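One structure below.
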Amino acid sequence: MSTDQSLHILLATIGSAGDVHPFVGLGQTLRRRGHRVSLLTGAYFQPLVERAGLEFVELFSAEKYREMIDNPDLWHPVRGAAFVMKHGIAAHIRTVYERIAERYEPGRTVVGASSLAIGAIVAQEKLGVPTATIHLQPAMIRSVMRPPKLVGMMTQQWLPRGIIAGQYWLADKIVDRLIEPEFNGFRRTLGLPPVHRFFNGWLHSPTLAVGLFPPWFAPPQPDWPPQIRLTGFPLYDEGDHTPLGADVEEFLAAGAPPIAFTPGSAMTFGQSFFAAAVDACERLNRRGILLTRHQEQIPASLPPEVRHFAFVPFTKLLPRCAALVHHGGIGTMSQALAAGLPQVVMPLSHDQPDNIERAERLGVGAALYPKKFTGPRLAPILGRLLESPDVAKACRDVAAKISGTMPLEDTADLMEGLAR
């Protein structure tokens, strides 16, 4: 395969806007280089994909997406992982494989797949499709030397490595029970041998695995798979075709930089989060912006210094804010890092506890877990972060590390390299 001709690049991702945005940004980068790009994801994101000039391929319906985000188990600290295994991974293995197999043209096709789209690795194994696994968060990469912080696991670095390895083994046994019937059942129909403990390395493409985060955020470890390459935070957020909006501009211009609040695009149970946000703003005498497309989460009455907007691109909003309070998703966190903002995170599940622990190490944020996430507790934490010269310097230093980097271009280079 040669890159002297354009490729058909298939990008597959499963999840919320935070999982789709990076692949849209990568797809646009590859398209500008002359490649045909198809993005395989949920139908809920079809308008976004097509506005970005990419071909859309449906993996699951918009109704299925709404059904998933409306299930409270998605955000449960323990049941959330099982929910994702069943509804995010196992339910789509066959569909991801089939969509790739239908479009695979030997010598012309390259695949980039998110951590959950493991049907792409099956297609690589069965059909020989050149494939890169693309991880958005460092929590997807195991290490016994410097383990990510995972819900239900003891991951302190002082623990003996055998104990950490044993916890991984136990977690894998649980995961196998959740997805093995669908996963290995499908593999049998393809004549492929069963796979056990697939999180123990199998989910990384043996050819290339890309981490869309920088090494200063997640230092590579000696026990990481050797095919992993880190390129940096993608920072795509629809800002290229979504204006700031006259109402947003008017509010921003009317006073001091506000504090922005969001529990994530897929959160539909954020009533207490937003109630605490409003309370904290009033206690601090600060202006606030509440961000969610799910209007029912917003308090019925807001003070004049707090406004709700359905969606505003972070790249346009955050440089004009004082701080960001959010759920700890890696996409949201990276936008705050790039904007040089202090951040408070209410981690619920999945990779969120690991992400905020890394931000705390950098000195740019603090965690406030859900049971304690109230206005009286949030306000003093925000006040401390906003008033600290050390935090302000740490935020500037981190933003400087991100400024001028080109992670999507670097990732596109790696994708094209699969064709050689």
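The values are calculated or read from the model by the stated rules, or taken from the named source; none is laboratory data. In this text, all values refer to a predicted model and were calculated from it rather than measured experimentally. Glycine gets a Cβ as well: all are built from the backbone with ideal geometry, and neighbour counts include every protein chain shown.
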ask   = When you go through V144, V110 one by one, which is the residue that is within 16 Å of T207 (Cα to Cα) and either surrounded by fewer than 23 Cβ atoms within 10 Å (Cβ to Cβ) or of a type in the set (A, V, I, L, M) (or both)?
value = V110
query = Among the candidates G211, G270, G264, which residue alone is in the same structural domain as T29 (by TED's automatic domain parsing) and under 22 Å from the mean Cα position of the chain (by Cα)?
reply = G211
message = Taking the condition of being within 30 Å of A113 (Cα to Cα) and in a helix (DSSP H, G or I), how many residues in the stretch 363-411 meet it?
response = 10
request  = Please work out which one of (1) closer than 15 Å to A260 by Cβ; (2) in contact with a Lys or Arg (Cβ under 9 Å, 6 or more places away or on another chain); (3) surrounded by 24 or more Cβ atoms within 10 Å (Cβ to Cβ) is the condition I356 fails and give its number.
outcome  = (1)
ask   = Which condition number does R197 fail, the rest of (1) free of Cβ contacts under 8 Å to residues at least 60 places away in the same chain; (2) under 21 Å from the mean Cα position of the chain (by Cα) being met?
value = (2)
task = Filter the stretch 73-124 down to the residues that are of a type in the set (S, T, Y) and more than 22 Å from S349 (Cα to Cα), then identify the one that is farthest from the chain's Cα centre (by Cα).
result = Y104
query = Among the numbered criteria (1) out of contact with any helix residue (DSSP H, G or I) (no Cβ under 8 Å at 6 or more places or on another chain); (2) within 22 Å of M68 (Cβ to Cβ), which single criterion is violated by A113?
reply = (1)
message = Give me the residue from the stretch 152-177 that is hydrophobic (A, V, I, L, M, F, W, C) and crowded, with 18+ Cβ neighbours inside 10 Å and, out of that set, farthest from V84 (Cα to Cα).
response = I164
message = So, A338, is that one surrounded by fewer than 24 Cβ atoms within 10 Å (Cβ to Cβ) and either among the β-branched types (V, I, T) or more than 24 Å from T405 (Cα to Cα) (or both) or not?
response = no
request  = Using the structure shown, decide if R142 is of a type in the set (D, E, K, R), touching a residue at least 24 places away in the same chain (Cβ under 8 Å) and within 26 Å of M415 (Cβ to Cβ).
outcome  = yes
request  = Return the total of residues in the stretch 273-289 being surrounded by fewer than 22 Cβ atoms within 10 Å (Cβ to Cβ) and in contact with a Ser or Thr (Cβ under 8 Å, 6 or more places away or on another chain).
outcome  = 1
query = Within the stretch 111-159, restricting attention to residues that are small (G, A, S) and in a loop (DSSP other than H, G, I, E, B), which residue is farthest from G27 (Cα to Cα)?
reply = G152
task = Determine whether the stretch 220-232 contains at least one residue that is buried (at least 21 other Cβ atoms within 10 Å of the Cβ) and within 30 Å of L284 (Cβ to Cβ).
result = no
ask   = How many residues are farther than 19 Å from L348 by Cα, in contact (Cβ under 8 Å) with a residue 12 or more places away in the chain and among the small types (G, A, S) when one looks only at the stretch 270-300?
value = 2
request  = Report, by residue number, each residue of the stretch 252-271 that is modelled with pLDDT of 95 or more and crowded, with 19+ Cβ neighbours inside 10 Å.
outcome  = L252, P258, I259, A260, F261, T262
note = Picked from the stretch 322-368 (must be of a type in the set (S, T, Y) and at pLDDT 95 or above), the residue nearest to the chain's Cα centre (by Cα) is T332
remark   = Considering the stretch 168-221, residues that are in contact with a Ser or Thr (Cβ under 8 Å, 6 or more places away or on another chain) and not in a loop (DSSP other than H, G, I, E, B), and then whichever is nearest to R361 (Cα to Cα), we arrive at G211
